[in-house]
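K.L.:
Here you go, one structure.
Laboratory data are not the source of any read-out in this text; all were calculated from the coordinates shown. All figures in this text were calculated on a predicted structure; none of them were measured in a lab. FYI the Cβ positions are ideal-geometry reconstructions off the backbone, even for glycines, and counts take in every protein chain you see.
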């Protein structure tokens with residue numbers, strides 16, 4: 001039996017990791033202090049999800065630890081010799097970061113180095129997986145030539161067909177403060193892998209999603225879109241005619257990639273992790289899919305101004321990940337993902353409780 005630490009244990013990816021490793025028979029410690037509610041209000045509350053995974057697990061120990069608290073982290077690391085650390089805790093919103101820049105940086109950048117240093121001091125042989133983001137690329141992906149179709153933007157050149165690779169630069173571009181704090185965390189995580197030789201892997205996520213997501217307008221695009229559709233609310237499209245493209249990946253497939261890395265770690269390596277070309281869709285295309293599944297039209301408004309630093313077309317190039325870990329593959333296509341979220345939100349509405 002191994003001992004696994006998951007930060008952000010009540011979030012989408014964290015909760016998936018907790019359930020996965022508990023199911024495999026490992027002991028799982030989770031850091032979760034529900035800062036998502038502090039960031040986003042009641043709609044971002046993850047307590048429902050934490051209660052869900054507590055009821056589904058046998059060896060899960062949740063701890064209300066703030067990753068900015070070095071002393072608290074050190075105490076936990078002295079008590080447990082972790083074999084695997086999956087770091088998912090973060091302030092995840094472009095727009096929120098500008099209102100709380102110091103909190104954003106302390107959580108995303110300082111919190112990450114706190115965990116990395118605790119790992120180096122107490123369990124340097126452990127595998128450390130850092131959940132980064134494609135926002136570390138800033139708006140550099142927008143420099144690629146694009147074509148506009150009836151429902152989406154797409155890459156104009158054949159050499160860009162597979163999407164954004166890990167070679168895309170991360171500096172000399174507009175990030176948002178969130179993108180900047182996550183870039184700092186991304187670089188320091190790589191450094192602990194490359195400089196100290198630790199088993200650190202960095203995964204730059206595209207749109208991570210699934211039924212366990214507490215989606216809000218500022219973060220959690222697909223989950224929030226479905227929630228608005230099911231509740232009869234009005235969805236705001238911000239810029240680019242709703243033709244901006246994202247690639248969606250189910251949380252289970254994210255954990256599959258983590259598991260592959262944990263079994264054969266490559267110190268300091270970076271991987272783009274999303275749904276790839278096959279799971280890509282524009283906002284308009286997602287709306288059409290959801291309207292078909294729910295059987296009702298979505299009320300929407302259009303805001304001409306796009307979000308600062310937003311990607312026009314972002315598709316994760318998965319070729320490096322697939323080459324290094326040939327046993328990993330996407331198991332859930334986009335219609336399956338959307339269908340799961342729609343069913344989950346209808347059940348939540350019927351129960352009189354919104355999942356975030």
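K.L.:
Let's test this: bin the Cα-Cα distances of the chain at 10 Å from zero up to the farthest pair and state each bin's percent.
P.N.:
5, 26, 37, 24, 7, 0
K.L.:
With runs of 4+ DSSP H residues as the only contributors, calculate the mean residue ellipticity of the chain at 222 nm using -39,500 (n - 2.57) per run, divided by the residue total and rounded to the nearest 500.
P.N.:
Calculated at 222 nm, the ellipticity per residue is -11500 deg cm²/dmol.
K.L.:
Averaging sequence separations of C-alpha pairs under 8 Å and six or more residues apart, then dividing by the length of the chain, give the relative contact order as a whole percent.
P.N.:
19 percent
K.L.:
Also: Only residues of segment 210-253 count here: report those whose backbone N is under 16 Å from the spot 7 Å along Cα→Cβ of residue 148, or say none.
P.N.:
238-245, by backbone N distance to the label point.
K.L.:
Helix 283-294 versus the longest principal axis of the chain: what angle, 0 to 90°, nearest 10, using Cα atoms?
P.N.:
Helix 283-294 sits at roughly 90 degrees to that axis.
K.L.:
How big is D for segment 123-220, in µm² s⁻¹ as a whole number, if Stokes-Einstein is applied with the Kirkwood radius of its Cα pairs at 37 °C and 0.692 mPa s?
P.N.:
My calculation gives 210 µm²/s for D.
K.L.:
When Rg is the radius of gyration of the Cα atoms in segment 54-207 and Rh is its Kirkwood radius, what does Rg/Rh come to? Write out the running numbers ahead of the final one.
P.N.:
Working: Rg = 18.0 Å, Rh = 17.2 Å.
When Rh is taken as the Kirkwood radius, the ratio is 1.04.
K.L.:
Which angle from 0 to 90°, rounded to the nearest 10, does the C-alpha axis of helix 111-122 make with the longest principal axis of the chain?
P.N.:
Once rounded, the angle reads 30 degrees.
K.L.:
More than 18 Å apart: what percent of Cα pairs in segment 169-219 qualify?
P.N.:
Everything past 18 Å amounts to 49 percent.
K.L.:
Within 10 Å of each residue's Cβ, count the other Cβ atoms and sort 317, 333 from fewest upward.
P.N.:
Listing 317, 333 from fewest to most nearby Cβ atoms yields 333, 317.
K.L.:
Over all distinct alpha-carbon pairs, what is the Kirkwood Rh of segment 32-72 in angstrom?
P.N.:
Roughly 11.4 Å, rounded to one decimal.
K.L.:
May I pose another question? Under a GNM of the chain (C-alpha, springs under 10 Å), which listed residue has the highest mean-square fluctuation: 132, 236, 15?
P.N.:
With Cα springs under 10 Å in the chain, the top fluctuation among 132, 236, 15 is at 236.
K.L.:
Could you list 167, 294 in order of exposure, starting from the residue whose Cβ has the fewest other Cβ atoms within 10 Å? Mind showing how you got there, number by number?
P.N.:
Working: 167 8, 294 16.
Ordered by Cβ neighbours within 10 Å, fewest first: 167, 294.
K.L.:
Using only alpha carbon pairs under 8 Å that are at least six residues apart, calculate the relative contact order of segment 206-356 and give it in whole percent.
P.N.:
37 percent
K.L.:
Considering segment 217-356, what Rg and Dmax in Å follow from its alpha-carbon atoms?
P.N.:
16.6, 49
K.L.:
Given contacts defined as C-alpha pairs under 8 Å and at least six residues apart, what's the relative contact order of segment 65-135, whole-number percent?
P.N.:
49 percent
K.L.:
Also, quick follow-up: Using the alpha-carbon atoms, what tilt in degrees (0 to 90, nearest 10) does helix 177-194 show relative to the longest principal axis of the chain?
P.N.:
In the chain, helix 177-194 runs at an angle near 40 degrees to the longest axis.
K.L.:
By counting other Cβ atoms within 10 Å of each Cβ, how are 173, 286 ranked from fewest to most?
P.N.:
Lowest to highest Cβ neighbour count: 173, 286.
K.L.:
Follow-up question, since we're still on this one. What are the semi-axes of the equivalent ellipsoid of segment 1-95, taken as the square roots of 5 times the eigenvalues of the Cα gyration tensor, listed largest first and rounded to whole Å?
P.N.:
Here the semi-axes work out to 21, 16, 10 Å.
K.L.:
Taking N as the number of residues in segment 274-356, what value does Rg over Cα atoms divided by 2.2 N^0.38 Å take? Numbers along the way, then the final one.
P.N.:
Values: Rg = 16.2 Å, N = 83, 2.2 N^0.38 = 11.8 Å.
Compactness ratio reported: 1.38.
K.L.:
Find how many whole Å separate the alpha carbon centroid of segment 272-305 from the alpha carbon centroid of segment 161-204.
P.N.:
Using only Cα atoms, the two centres lie 28 Å from each other.
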